[in-house]
């Protein structure tokens with residue numbers, strides 16, 4: 001069930017310097033006979049944004065859940081910096097510096113911002129008491145960077161706006177110094193100003209050498225932010241392309257038809273009005 | 001004023017109502033500025049109304065040292081279990097088995113004292129260690145049975161409602177495996193002190209000592225919290241609020257000690273005590289202040305420990321996170337199954353403590369011990385602001401809820417309200433309290 005092959009203590013191979021940050025090989029997940037992810041290969045390098053696009057049910061979120069430890073794969077291997085990684089729970093993923101911002105944000109609505117940022121990784125004093133003040137101070141630092149207007153540190157996050165909640169979820173990933181970041185529809189619930197803010201954050205993180213998988217329905221977001229684009233269709237990768245080598249229409253055609261741009265016939269393209 | 005203007009002016013009663021409404025609207029704002037829990041404040045107000053109301057109706061019969069002392073002892077057993085029920089309900093579970101588990105554990109502890117140590121092991125009655133062995137057996141068994149319940153819920157995936165409904169039947173039935181359900185009495189002399197009563201109390205000096213220690217702890221806690229917040233440059237409570245709040249808390253603690261000491265031993269018992277020690281009885285009778293009863297002391301300790309666990313430990317934070325969003329808790333790397341096992345194990349331990357208090361107070365174990373306690377415990381937690389939607393609830397609130405419930409019962413008893421009518425009224429109060437809470441919460445958004 002898990003993707004473990006070797007213990008994580010394997011010495012680094014000599015070829016490591018050029019190894020990709022993440023290399024997922026032949027990942028398979030099925031739910032009762034339905035192949036949600038069907039033999040996918042995908043990789044990600046430092047300071048790179050890979051856009052993951054596809055229709056509903058194409059398998060994008062499931063694939064990313066395998067990487068974040070929220071879903072176990074039936075088969076396949078994950079290599080982190082060239083070494084086989086054993087990821088069978090969210091906690092495992094976090095030890096590899098993998099942080100995920102879920103579409104649902106995965107916030108405990110009844111808790112305040114610091115409690116959510118440190119959810120499952122609370123800071124404690126020497127005697128094991130929660131250090132709420134230290135957590136609040138750290139939360140203020142990280143959120144100040146994301147959204148200087150954020151003030152509501154004591155309120156349950158249920159009372160915050162969509163953008164503020166998003167900021168809390170992103171703040172969690174940034175505080176724990178993600179090396180690999182998965183963002184599942186980070187701007188779907190946001191207004192234009194907040195969307196611009198998230199885009200700026202993504203560009204900043206990329207500058208810092210963090211590798212980002214960006215799942216998005218918004219093809220313009222993806223073209224703006226991604227270096228490469230992987231198109232998924234029915235659990236498979238249709239193609240992975242450099243952003244500069246394709247047009248938005250070609251990517252749209254791949255999403256809808258599930259075929260590489262060159263393979264689609266004129267009739268099919270005409271039918272989807274591209 | 002012309003006729004038209006007079007018509008535009010709302011009638012006087014509406015203006016008065018408006019002013020009252022405006023005043024009520026401002027209370028939460030002031031409370032928020034002082035960082036006071038609105039719900040806890042509301043409960044204190046409700047409790048004050050209940051107490052004063054009963055006192056007026058009973059011509060001063062309610063707010064007597066004797067009645068308040070009894071009230072404190074009667075609230076202890078339910079209050080102790082209610083602290084655990086908060087965690088159970090906050091984590092979106094329920095425990096219907098607490099009353100039966102209490103009965104089974106109480107019976108087991110009685111068996112240890114009456115059958116196993118004296119007869120089966122032949123060590124005799126009233127050994128100095130008997131009470132401790134009985135208590136430890138009860139606590140360990142309580143933790144074990146609670147953990148098994150938690151395992152079935154967390155790892156077995158059976159809903160807690162069903163598992164604990166089964167537990168309710170199983171534990172009650174198991175009592176009859178001991179001594180065919182005969183009443184077990186009397187209990188060990190030292191163990192009996194856990195139930196309170198004049199001898200099972202701290203007495204004057206120690207009660208004051210406990211009061212002073214708590215008062216000092218309140219001050220130290222306030223000073224340290226302010227200093228820590230300043231260190232990080234956070235906003236601190238306005239000074240007036242800090243002094244008023246902590247002053248009120250200290251006054252309440254010392255006032256409670258004063259009341260407990262104002263209740264003196266019953267005359268006959270004091271006379272017997274004097275005779276045994278050869279103390280001459282002064283004119284007007286021997287006054288021995290009772291002080292804080294042991295069950296109340298236990299409740300106090302349990303409340304402090306459980307509040308600390310719920311608000312200042314990782315385990316407690318995880319419980320609240322699970323209640324707020326189980327999926328988020330899992331994705332955050334929290335081991336939700338293990339947390340559930342711990343919650344129910346803690347509940348089992350608290351049942352054992354309450355079982356000790358109840359059997360000690362009765363000086364016997366009877367088959368009906370703890371019957372329907374689950375309903376009182378759940379009611380106390382819910383009146384105390386614990387939400388069945390999960391993620392919301394406070395431990396001091398639940399203890400206050402237990403005191404509110406007991407105050408109602410004790411007050412109605414004082415007014416000679418019969419037991420079925422008491423049930424009807426408590427039933428209405430429960431539904432109204434929760435309804436009001438839900439309404440206010442919706443209003444607050």
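Bear in mind that the values in this text are calculations on the coordinates, not laboratory data. Because the structure is a prediction, the values reported are computed rather than measured. For neighbour counting, all protein chains shown are included, and Cβ atoms are generated from backbone atoms with ideal geometry for every residue, glycine included.
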**OP:** Please indicate, with yes or no, whether at least one residue in segment B:307-314 is more than 11 Å from every other protein chain (Cβ to nearest Cβ), in contact with a helix residue (DSSP H, G or I) (Cβ under 8 Å, 6 or more places away or on another chain), within 19 Å of residue B:252 (Cβ to Cβ) and part of a helix (DSSP H, G or I).
**Re:** yes
**OP:** Working carefully through the options A:70, A:115, A:134, find the one that is within 10 Å of another protein chain (Cβ to nearest Cβ), closer than 27 Å to residue A:225 by Cβ, without any contact (Cβ under 8 Å) to a residue 60 or more places away in the chain and out of contact with any strand residue (DSSP E or B) (no Cβ under 7 Å at 6 or more places or on another chain).
**Re:** A:70
Original post:
Name the residues in segment B:199-249 that are within 14 Å of another protein chain (Cβ to nearest Cβ) and either loosely packed, with under 14 Cβ neighbours inside 10 Å or assigned to a strand (DSSP E or B) (or both), would you?
Top reply: B:221, B:224, B:227, B:230, B:231, B:232, B:233, B:235
Subject >> Candidates A:158, A:168, filtered to the one that is more than 8 Å from every other protein chain (Cβ to nearest Cβ), under 24 Å from residue B:91 (Cα atoms) and under 16 Å from the mean Cα position of the chain (by Cα) >> reply: A:168
**OP:** Kindly indicate whether residue B:132 is surrounded by fewer than 19 Cβ atoms within 10 Å (Cβ to Cβ), free of Cβ contacts under 8 Å to residues at least 12 places away in the same chain and under 17 Å from residue B:178 (Cβ atoms).
**Re:** no
Original post:
Just checking, how many residues over segment B:180-198 are in contact with a strand residue (DSSP E or B) (Cβ under 9 Å, 6 or more places away or on another chain) and outside any loop (DSSP other than H, G, I, E, B)?
Top reply: 3
Original post:
Can you pull out the residues in segment B:327-340 that are in a helix (DSSP H, G or I) and at the interface with chain A (Cβ under 9 Å from one of its Cβ atoms)?
Top reply: B:327, B:328, B:329, B:330, B:331
Subject >> Selected residue [without any contact (Cβ under 8 Å) to a residue 12 or more places away in the chain and away from chain B (no Cβ under 14 Å)] from A:56, A:41 >> reply: A:56
**OP:** Quickly run through segment A:73-112 and pick out the residues that are away from chain B (no Cβ under 13 Å) and at negative phi.
**Re:** A:73, A:74, A:75, A:77, A:78, A:79, A:80, A:83, A:84, A:85, A:86
**OP:** Given the conditions (1) under 26 Å from residue A:162 (Cβ atoms); (2) in contact with a helix residue (DSSP H, G or I) (Cβ under 6 Å, 6 or more places away or on another chain), report the number of the one that residue A:268 does not fulfil.
**Re:** (1)
**OP:** Could you figure out which of (1) in contact with a helix residue (DSSP H, G or I) (Cβ under 7 Å, 6 or more places away or on another chain); (2) surrounded by fewer than 21 Cβ atoms within 10 Å (Cβ to Cβ); (3) more than 14 Å from chain B (Cβ to nearest Cβ); (4) within 30 Å of residue A:24 (Cβ to Cβ) isn't true of residue A:175?
**Re:** (3)
**OP:** Taking the options A:262, A:253, name whichever one is free of Cβ contacts under 8 Å to residues at least 12 places away in the same chain and assigned to a helix (DSSP H, G or I).
**Re:** A:262
Original post:
Filter segment B:48-66 for residues that are touching a residue at least 60 places away in the same chain (Cβ under 8 Å) and touching a helix residue (DSSP H, G or I) at 6+ places or on another chain (Cβ under 7 Å); which is surrounded by the fewest Cβ atoms within 10 Å (Cβ to Cβ)?
Top reply: B:61
Subject >> Residue satisfying condition, being farther than 22 Å from residue A:170 by Cβ and crowded, with 23+ Cβ neighbours inside 10 Å, within set A:117, A:98, A:87, A:78 >> reply: A:78
**OP:** Restricting attention to helices (runs of 4 or more DSSP H) lying wholly within segment B:344-445, give those where 2 or more residues are out of contact with any helix residue (DSSP H, G or I) (no Cβ under 8 Å at 6 or more places or on another chain) and at negative phi.
**Re:** B:419-444
Original post:
On the given criteria, is residue A:138 over 26 Å from residue B:316 (Cβ atoms) and surrounded by fewer than 22 Cβ atoms within 10 Å (Cβ to Cβ)?
Top reply: no
Original post:
Out of segment A:45-69, which residues are within 19 Å of residue A:199 (Cα to Cα) and in contact with a helix residue (DSSP H, G or I) (Cβ under 7 Å, 6 or more places away or on another chain)?
Top reply: A:47, A:49, A:51, A:52, A:53
Subject >> Of all residues in segment B:315-326 being facing another protein chain (nearest Cβ under 7 Å) and farther than 27 Å from residue B:76 by Cα, the one that is surrounded by the most Cβ atoms within 10 Å (Cβ to Cβ) >> reply: B:321
